[in-house]
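To start, the structure under review is shown below, and the notes come after it.
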Amino acid sequence: KAKMEGRGTCRSFEPGMDARLQERRQLEAELAEAVANNQFVLHYQPLHDAATSELTGFEALVRWNHPRLGLLAPSEFIHLSEETGVIDGLGEWIMRQACADAAQWPLPVKVAVNLSPAQFKQQGLALQVAAALAASNLLPSRLELEITESVLLAHNEHTIRTLYNLRDLGVGIAMDDFGTGYSSLSYLRSFPFNRIKIDRSFVSLMCESSESRAIVKAVADLGSTLGMTTTAEGVETEDQYRLVKENGCTDVQGWLFGRPMPASDLPAFFEAPRALTV
Ligand code: C2E
Ligand code: MG
Ligand code: MG
Ligand code: MG
């Protein structure tokens, strides 16, 4: 389409660029309507206790059920939603949906919800979370909020105050993807997290790299000293499971235990969670 329009006209950029720009504009317009059009869905990935392999909760992971493009992963729209401000409405929908879903589960396990840095720019994030808890009647102790180091990059007072307001609601706060940002350690000092989630990039190399094993052990020890639990992300094999357990991680998440699944699959999973002994 862009090619046809481009023929014979003077352009300062290549037609391919034009097409990409149009696609982006269209996606942006569709994204703005997607919450109202009910196009988002939450998938849930199980979280397990490392020692017993018992199910302890699920992480909510958002997908966009796009009418033209099919099911889109967060990497394809979260960034755009942050740039356009759509994340405010989307984030609120995610929080309400995740709390409402968890309140219906047959076991009182936790639900983990990711917060994007952009959500901390809005006023009243803690009020929004409080409202979602009240509307669903979910116990605050069953909700855990995951933030990445990028939330703390700005190091501003508003962010820290918001984190304390959230903690005062009685919800857990986890540091997600630990080790991938800059000067990770200083962030652990800026707020008393309940949990550190060690990024998959360290876990996936544990079998072949003694450095990765040493790093995972050091973070697990640090977490234990600071009174934080440590989740190993992206555990895909039994060898990795054994190693993260041996090196002190208290919790595990990854394809070995379960992939993110639609909410409709959860009843069966509650009936027969993956129990593993390594
Ligand atoms: P995350 O919070 O670190 O989520 C874990 C990601 O790792 C998920 O990808 C999950 O599918 C993937 N994963 C889990 N176990 C394994 C494994 O064993 N192997 C491999 N290769 N991958 C595994 P997903 O769902 O594509 O989400 C990517 C990121 O998008 C998330 O990273 C999170 O930062 C963001 N995200 C997802 N849902 C939301 C949301 O509701 N709100 C916000 N703000 N961000 C979200
Ligand atoms: Mg997460
Ligand atoms: Mg993570
Ligand atoms: Mg990660």
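Just so you know, all these numbers are worked out from the coordinates, no wet-lab data involved. Since the model is a prediction, treat every value here as computed from it, not as a measurement. Note that each Cβ is placed from the backbone with ideal geometry, even for glycine, and that neighbours are counted across all protein chains shown.
Using only the Cα atoms of segment 214-278, each taken as one equal point scatterer with no solvent, compute I(q) by the Debye sum, divide by I(0), and report log10 of the ratio at q = 0.16, 0.20, 0.22, 0.23 Å⁻¹.
With no solvent term, the Cα-only Debye profile gives -0.59, -0.81, -0.90, -0.94.
Grab the Cα-Cα distance for A19 and L169, subtract it from 0.36 nm times how many residues apart they are, and report the gain in nm with one decimal. Write down the numbers at each step before the final one.
Numbers: separation 150, 0.36 × 150 = 54.00 nm, distance 4.68 nm.
Additional length available on full extension: 49.3 nm.
Just to confirm the number: angle between the C-alpha axis of helix 157-168 and the first principal axis of the chain, 0 to 90 degrees, nearest 10?
Value to nearest ten degrees: 50.
Over the chain, what lengths in whole Å, largest first, do the semi-axes of the equivalent ellipsoid take, defined as the square roots of 5 times the eigenvalues of the alpha-carbon gyration tensor?
On the way: eigenvalues 227, 104, 89 Å².
Its equivalent ellipsoid spans semi-axes of 34, 23, 21 Å.
Can you tell me the relative contact order of the chain? Whole percent, Cα pairs under 8 Å, sequence separation 6 or more.
Working: 442 pairs, mean separation 50.1, N = 278.
Rounded, it is 18 percent for the chain.
Projecting each Cα onto the charge dipole of segment 153-278 (Lys/Arg +1, Asp/Glu -1 at the beta carbon, about the Cα centre), which of A218, S201, L153 comes out farthest on the positive side?
L153
With label points built 7 Å along Cα→Cβ from the Cα atoms of T225 and Q104, find their separation and express it in nm.
Taking the simple label geometry, T225 and Q104 are separated by 4.5 nm.
Run the simple label-point estimate for L185 and T52 please: 7 Å along Cα→C-beta, distance reported in nm.
3.5 nm
Just need the relative contact order of segment 87-225 here, percent rounded to a whole number, with Cα pairs under 8 Å and 6+ apart.
Working: 173 pairs, mean separation 26.3, N = 139.
After rounding, I find 19 percent.
So for the pair S210, R161, with labels modelled 7 Å out along Cα→Cβ, what separation do we get in nm?
With each label point 7 Å from Cα toward Cβ, the separation is 5.0 nm.
Sort the following peptides by mean Cβ neighbour count (other Cβ atoms within 10 Å, averaged over residues), highest first: 211-224, 88-101. Provide the component values of the computation, followed by the final result.
Details: 211-224: 18.0, 88-101: 20.2.
In decreasing order of mean packing, 211-224, 88-101 become 88-101, 211-224.
What is the distance in Å between the Cα centres of segment 37-54 and segment 130-159?
Using only Cα atoms to place each centre, the spacing works out to 17 Å.
For T237 and A73 in one chain, what is 0.36 nm times their gap in residues minus the Cα-Cα distance, to one decimal in nm? Write out the running numbers ahead of the final one.
Numbers: separation 164, 0.36 × 164 = 59.04 nm, distance 2.32 nm.
Roughly 56.7 nm would be gained on extension.
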